[in-house]
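A short reminder: the numbers here are calculations on the coordinates, not readings from a lab. In this text the structure is predicted, and so the values were computed from the model without any measurement. Because the Cβ atoms are built from the backbone with ideal geometry, glycine has one as well, and the counts that use them run over all protein chains shown.
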Amino acid sequence: MNNTKKLLAGLVTGFALTTATAAQAECGDVSITEMNWASSQIITEVSKFLMEQGYGCTVEKVPSATTTSVASLAENGEPDIVTELWLNSTGDVYAKLEADGKVSRLADVFDPGGVEGWWIPSYLAEKHPELSTIEGVMANPELVGGRFNNCPDGWGCRIVNDNLINALGMRNSMEVFDHGSGETLATSIAAAYENQEPWFGYYYGPTAVLGKYAMTKVAIGAVDADIHASNQNKDTANPGVSDFPPAPVLTVATAALNEKEPEIAALMGKVSFETGLLSSVLAWQEENSASAEEAAVYFLTNHSDVWSQWVNDAAREKLAAFIK
């Protein structure tokens, strides 16, 4: 273990031990999603630490994904907080929850927002410029390896991708490979880069992958808000072709949280990561084989100028005892 990892391991242990005695009566139980991808996991760990150490909450992490978290909000009114909710991938379900007053958006958790789309390695785009459009890709499937790398099941992008694939008739020209996890999707890009091989598929940012590997976005077509909205419905009868618009990515909370823990709602309304900064944290995490908790500690110890603006005065005073 290198010196940085040793330091972080010690800090994580110290923070965990202190958390056991830090909880105070001013905050009760709070549940927060732990999505199945790296950036959300870091956001959750940072938020959990601030809530526990700064506000005295008892925080429960709830393993989740985009579609399952929205379904849980609709059916059970929980968890209290959903982080990194990609609004463009929630269809009409979230909009109805918000219209009914069951949930509210607290913050745009990325500044200026998320990016998603279909990509090829930039070395491939430089060699074959025609592949920068979907028409060029479909006319030359062998140049991208004859395969589209699709989202895992449970990700909101999977529904959009499947509808786009059907609208374009892509299965007539190439294989569609449905990845079983975000890890295998990311690994496929890394493997292609290592061997300078073709690759074509979906990815999103901020991520360590898009920070580490130069990728060129394939132009799918003009952005059509109505078509994109329709493509978010897995049962849409007539999928169309629209590129991915800039993605609003939210932290949302239940109406109950706003009532029972207004200070926590206020905190989470300020938690927003500059996209490039979070990508750099993700790159550090990957380079150091660090856990989400260690990456959160790395962020907290190196960017107190950022998170100290999120918390209230009382919490800032408590947290100053741990992080200078």
field: Hydrodynamic radius by Kirkwood, which averages 1/r over all alpha carbon pairs of the range 115-231, in angstrom
entry: 14.3 Å
field: Among beta bridges that DSSP assigns inside the range 115-231, antiparallel share in %, nearest 5
entry: 55 percent
Hull-based mean projected area of the chain, where the convex hull spans the alpha carbons, in square nanometres: 16.9 nm²
- prompt: Using modelled backbone amide H atoms (1.01 Å from N, in-plane), which distant-in-sequence or interchain residues come within less than 5 Å of Gly221's amide H?
  reply: Asp243
query: P(r) of the range 78-160 in 5 Å steps, Cα pairs, percent per bin?
result: 3, 11, 17, 16, 14, 12, 9, 7, 7, 3, 0
query: Label points 7 Å out from Cα along the Cβ direction at Glu287 and Gln196: separation in nm?
result: 2.4 nm
query: Given Cα pairs under 8 Å that are at least 6 residues apart, what percent is the relative contact order of the chain?
result: 26 percent
task: Rounded to whole Å and sorted largest first, list the principal axis extents of the Cα atoms in the range 30-87.
output: 30, 24, 17
- prompt: By Kyte-Doolittle mean hydropathy of at least 0.5 and Cα axial length of at least 27 Å, which whole DSSP H helices of the chain are selected?
  reply: 3-22
